[in-house]
Amino acid sequence: MTVSEYNTCVDKHSDGVYRFILKNMKDSDKAKDIVQESFVRLWDRVSEVKYEKAKSYLFTIAYHCFIDTIRKDKRIVSMEAITVNDHSEMNAFSDHKEIINEAVEKLPEIQKSVILLRDYEGYSYKEIGEITELSEAQVKVYIYRARLFLKNYLVSLDVVI
């Protein structure tokens, strides 16, 4: 890949990678760090990666950085997590987007990632498998389970009321 192709890649794919990570992280600063790290890693391998495969490579790197960040953050306990009282919180929603976002947040990490890659970013099952290092069959199973959970969650009267 040439320098101009790399720059084009940054222009074309940085927003998509950022949206994908932000949807998973819910922390814009960490999402920006992961996007930046992804492009740094792409630059380190600019001579090895073909321009046609750059988007897939970026999402793969971003996904792995995201997983590493989650693992690192699980070891750190924040004060906010300790002082939050779950019983005092009220789930009042003003629109459907909030309900859907809450439902997606309740998914296990792998299901959340594959459903976002498929339904939000438009990747094929094969591409998702390459990004997440899962077989195409596993990707289909995770997407099916995620959609089934979302369907059941969104149909529930408790969520809507």
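The values are calculated or read from the model by the stated rules, or taken from the named source; none is laboratory data. From a predicted model like this one, the values you see are computed outputs, not experimental measurements. Cβ: placed from backbone, ideal geometry, glycine included. Neighbour counts: every protein chain shown.
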key: Output for the stretch 45-64, where each listed residue is in contact (Cβ under 8 Å) with a residue 40 or more places away in the chain and either assigned to a helix (DSSP H, G or I) or within 18 Å of the chain's Cα centre (by Cα) (or both)   = 51, 54, 55, 56, 58, 59, 60, 62, 63
ask   = Taking the condition in contact (Cβ under 8 Å) with a residue 24 or more places away in the chain and not hydrophobic (A, V, I, L, M, F, W, C), does residue 109 pass?
value = yes
remark   = residue 116 fails exactly one of (1) farther than 17 Å from residue 57 by Cβ; (2) without any contact (Cβ under 8 Å) to a residue 60 or more places away in the chain; (3) buried (at least 19 other Cβ atoms within 10 Å of the Cβ), namely (2)
remark   = Taking the stretch 20-44 and keeping only residues that are within 14 Å of the chain's Cα centre (by Cα) and closer than 15 Å to residue 56 by Cα, one is left with 20, 21, 35, 38
remark   = Taking the stretch 93-113 and keeping residues surrounded by fewer than 17 Cβ atoms within 10 Å (Cβ to Cβ) and of a type in the set (A, V, I, L, M, F, W, C) leaves 93, 99, 100, 110
inquiry  = If I ask for residues that are surrounded by 21 or more Cβ atoms within 10 Å (Cβ to Cβ) and aliphatic (A, V, I, L, M), which ones from the stretch 8-41 would you list?
reply    = 17, 21, 31, 34, 35
request  = From the list 114, 141, 104, 159, pick out the single residue that is out of contact with any Ser or Thr (no Cβ under 6 Å at 6 or more places or on another chain), farther than 29 Å from residue 9 by Cβ, part of a helix (DSSP H, G or I) and modelled with pLDDT of 75 or more.
outcome  = 141
